[in-house]
1. So is I16 at pLDDT 90 or above and of a type in the set (A, V, I, L, M) or not?
2. Quick test of your reading of the structure: V58 fulfils all but one of (1) surrounded by 10 or more Cβ atoms within 10 Å (Cβ to Cβ); (2) assigned to a helix (DSSP H, G or I). Name the failing condition by number.
3. Among the residues of the range 1-53, write down those that are free of Cβ contacts under 8 Å to residues at least 40 places away in the same chain, among the β-branched types (V, I, T) and surrounded by 10 or more Cβ atoms within 10 Å (Cβ to Cβ).
Amino acid sequence: KVSKILYELGVNIDDISQTVMQSYFTMLMLVSAQESTKITLLTQKLEPLREEGLSVQVQKTEIFDAMHKI
């Protein structure tokens, strides 16, 4: 469902990492989109998946990189 939403918005999946952490399935996706695709729109389109129990976090690469620098 996530990949379908990304496809409909013209967002490319560049890389995916999947694992199970403490019995929870987790997936990290690195995606790329045109400048015109806003994070707020992406977040809004993914919001209905929360009702199905999916937790989705969306952030720019720059923020992710800054948070994970040692």
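The values are calculated or read from the model by the stated rules, or taken from the named source; none is laboratory data. Computed from a predicted structure; not experimentally measured. All Cβ positions, even for glycine, are placed from backbone atoms using ideal geometry, and neighbour counts span all protein chains on display.
1. Working: at pLDDT 90 or above: yes; of a type in the set (A, V, I, L, M): yes.
Here the answer is yes, as I16 does meet what is asked.
2. (2)
3. Passing the criteria: V11, I13, I16, T26, V31, T37, I39, T43.
Here's the yes/no breakdown for (1) on the phi > 0 side of the Ramachandran plot; (2) aliphatic (A, V, I, L, M); (3) out of contact with any Phe, Trp or Tyr (no Cβ under 7 Å at 6 or more places or on another chain):
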{"residue": "Y24", "(1), (2), (3)": "no, no, yes"}
{"residue": "M27", "(1), (2), (3)": "no, yes, yes"}
{"residue": "G53", "(1), (2), (3)": "yes, no, yes"}
{"residue": "V58", "(1), (2), (3)": "no, yes, yes"}
{"residue": "H68", "(1), (2), (3)": "no, no, yes"}
